[in-house]
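*Asks:* Pasting a structure below so you can have a look.
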Amino acid sequence: MTKIIWIKHAAQLATLAQAGTAPRIKEAMNDLSIIEDGSIWIEDGIIRAVGTTQQLEEQFKDRAHEAEITDATGHLVTPGLVDPHTHVAYGGSREREFEMRLEGATYMEIMNAGGGIHATTKMTREATEDELVEQTKKRLDSFLKHGVTTVEGKSGYGLDLATELKQLRVMKRLQQEHAIDLVPTFMGAHAVPTEFKGREDEYIDLVVNEMLPAVVNEKLAVFNDVFCEVGVFTPEQSQRILEAGKKYGLIPKIHADEIEPYGGAELAAKVGAISAEHLLKASDEGIKAMADSGTIACLLPATALYLREQAAQGRKMIDAGVPVAISTDCNPGSSPTTSMPLVMNLACISMRLTPAEALTAATYNAACAIQMADKTGSLEIGKQGDVVLWDISNYQELQYLFGVNHVKSVWKKGIKVVG
């Protein structure tokens, strides 16, 4: 049993409460359901009441002495942020590639020269499970300090059965050992390993016939992802991998249209993917298909910035009725960051989201993208007590003050983990 937590007198309590469980689209992404002089009561790790401070003072007047009270006067309070797309469990780092990119090398040139995903694959294969746990734990600690209480994590730096399972086991351990909720995605189809160069279909056979059954047998993943990109996996190959995962009960996700328009957004809609990721080069047809299917666009503005590419058309997608989430894409090569506040700011600057849309995309819609909206992403009765108190007075400041971490306190399931 945890302490009773009572946060009161918030200048703005952005609850993001809504009827139903579908992700927010269009104008609804601007509705943060803000309560001024807001108050929230958390008991046994679960939100038991949300309202004005006056309402909760009346409701709990006989129990106030039981609670650990936080006076949030002058502060913004929001749900814990949700990061729905990361590659957080990996070995080593790739700072030399940053210089290479500044010298003019492209993403694919670096990868084809043995860098990129292949470099991290080598380091991840060489690391022990305990070493990966320690490295990943540090990244998760950093996420917490930036207000993130739920993280999706992908494998895909193993590209062989043993290491893919090792990555997923690391995440399973950390789900039990770390405060953050860590939601696992199998991504054996992140790249074709160097030892299978020229034998791509044989590698797909390995993913489909050996990796997927092993992952499911150990209950190590919820989702199945693939990198559908020119020079990686074709739409036809990607569909085969995603459909195979569906037969094993894994929900499809897809890295789509990041470097070239390749029909990835259209494929996401076709296979019923819960989300399509990146989408820098998504076509108008792909955007419409995602709107029609309800596929969530998981956009990664920090990755575009780091690669010096034009960001995805977030404004256009929202206006077209696509539900939009945003993420750090935390990974060692193209977005080595754990700062969701920075990502929210970049979503406004580079993709023309409003501050309210950015917050929705980093909380409720992000939770929908990893099937966690029944537990987190909004401050509603019955959900986990995942809460952030910010050292600012309103949500506009959160996006306005660039490159600053405003987190003052974080609670995960009603336990204070930061502050």
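*Asks:* Sort 192-200, 347-355 for me by packing, meaning the mean count of neighbouring Cβ atoms within 10 Å per residue, highest on top.
*Replies:* Numbers: 192-200: 13.7, 347-355: 20.9.
The peptides rank, most packed first, as 347-355, 192-200.
*Asks:* If you don't mind, there's one more thing I want to ask. What does the charge count around LYS375 come to, taking other residues whose C-beta lies under 9 Å from its C-beta (Lys +1, Arg +1, Asp -1, Glu -1)? Could you put the intermediate results ahead of the total?
*Replies:* Details: positive: LYS383; negative: ASP181, ASP374, ASP386.
So the environment of LYS375 carries a net charge of -2.
*Asks:* State, to one decimal in nm, how far the label point of LYS288 lies from the label point of ILE349, with both points 7 Å from Cα in the Cβ direction.
*Replies:* Modelled inter-label distance: 3.4 nm.
*Asks:* In whole percent, how big is the carbon plus sulfur part of the accessible area of segment 1-95, probe 1.4 Å, protein atoms only? Kindly include the intermediate steps, with their values, before the conclusion.
*Replies:* Numbers: 2010 of 4090 Å².
Carbon and sulfur: 49 percent of the exposed surface of segment 1-95.
*Asks:* For every helix of n ≥ 4 consecutive DSSP H residues, a contribution of -39,500 (n - 2.57) applies; sum these over the chain, divide by its total residues, and give [θ] at 222 nm rounded to the nearest 500 deg cm²/dmol.
*Replies:* Numbers: 17 runs with 152 residues, N = 419.
Taken over the chain, the calculation gives -10000 deg cm²/dmol.
*Asks:* Another question about this same structure. Carbon and sulfur: what percent of segment 283-419's accessible surface (1.4 Å probe)? Please report the intermediate quantities before stating the final value.
*Replies:* Details: 2320 of 4480 Å².
In segment 283-419, the share of accessible area belonging to carbon and sulfur is 52 percent.
*Asks:* While we're on this one: Identify all lysines with a Cα-Cα distance to LYS246 below 27 Å; exclude those on the same chain that are fewer than 8 residues away in sequence.
*Replies:* LYS154, LYS166, LYS172, LYS197, LYS219, LYS270, LYS281, LYS288, LYS375
*Asks:* Which percent of the Cα-Cα distances in the chain go past 41 Å? Please list the in-between numbers first.
*Replies:* Working: 11108 of 87571 pairs.
In whole percent, the long-distance tail amounts to 13.
*Asks:* Between ALA22 and GLU131, what is the label-to-label distance in nm when each label sits 7 Å out along the Cα-to-Cβ direction?
*Replies:* The answer from the label model is 4.9 nm.
*Asks:* Here's another thing I want to ask about it. What do the square roots of 5 times the Cα gyration tensor eigenvalues come to for segment 85-204, in whole Å, largest first, as semi-axes of the equivalent ellipsoid? Walk me through the intermediate numbers first.
*Replies:* Values: eigenvalues 127, 67, 28 Å².
Semi-axis lengths for segment 85-204 are 25, 18, 12 Å.
*Asks:* Could you work out the relative contact order of the chain? I mean the mean sequence separation of Cα pairs under 8 Å and 6+ apart, divided by the number of residues, in percent. Write out the running numbers ahead of the final one.
*Replies:* Numbers: 1022 pairs, mean separation 87.9, N = 419.
With pairs under 8 Å counted, the relative contact order is 21 percent.
*Asks:* Using packing as a proxy for protection, rank 3-14, 118-129, 76-87, 319-330 so that the peptide with the highest average count of other Cβ atoms within 10 Å comes first. Intermediate values should be presented prior to the final figure.
*Replies:* Details: 3-14: 22.9, 118-129: 18.6, 76-87: 28.3, 319-330: 26.2.
Ranking the peptides 3-14, 118-129, 76-87, 319-330 by packing returns 76-87, 319-330, 3-14, 118-129.
*Asks:* Shifting gears a bit: Just order 217-228, 262-273 by mean Cβ neighbour count inside 10 Å, highest at the front, would you? All intermediate terms of the calculation are to be shown ahead of the outcome.
*Replies:* Values: 217-228: 22.0, 262-273: 23.5.
Final packing ranking: 262-273, 217-228.
*Asks:* Using a Gaussian network for the chain with springs between C-alpha atoms less than 10 Å apart, which of these wobbles most: GLY158, GLY314, GLY249?
*Replies:* The residue that fluctuates most here is GLY249.
*Asks:* Would you mind working out the accessible area per residue for the chain, using a 1.4 Å probe, and quoting it in Å²?
*Replies:* On the way: 15740 Å² over 419 residues.
For the chain, the solvent-accessible area averages 38 Å² per residue.
*Asks:* For the chain, which DSSP H helices look membrane-span-like by this rule: Cα extent along the axis of 30 Å or more and mean Kyte-Doolittle of at least 0.0? Each step should come with its number before you reach the end.
*Replies:* Numbers: long enough: none.
Length and hydropathy pass: none found.
*Asks:* Stretched out fully, how many nm does the piece from THR73 to GLU103 gain, at 0.36 nm a residue minus the Cα gap?
*Replies:* Numbers: separation 30, 0.36 × 30 = 10.80 nm, distance 4.90 nm.
Stretched fully, the THR73-GLU103 segment lengthens by 5.9 nm.
The values are calculated or read from the model by the stated rules, or taken from the named source; none is laboratory data. Computed from a predicted model, the values in this text were never measured in an experiment. Quick reminder, even Gly has a Cβ in these numbers, built from the backbone with ideal geometry, and neighbours come from all protein chains shown. Surface areas here come from the heavy atoms of the whole protein model, side chains and all, with no ligands, DNA or RNA. Shrake-Rupley method; radii C 1.70, N 1.55, O 1.52, S 1.80 Å.
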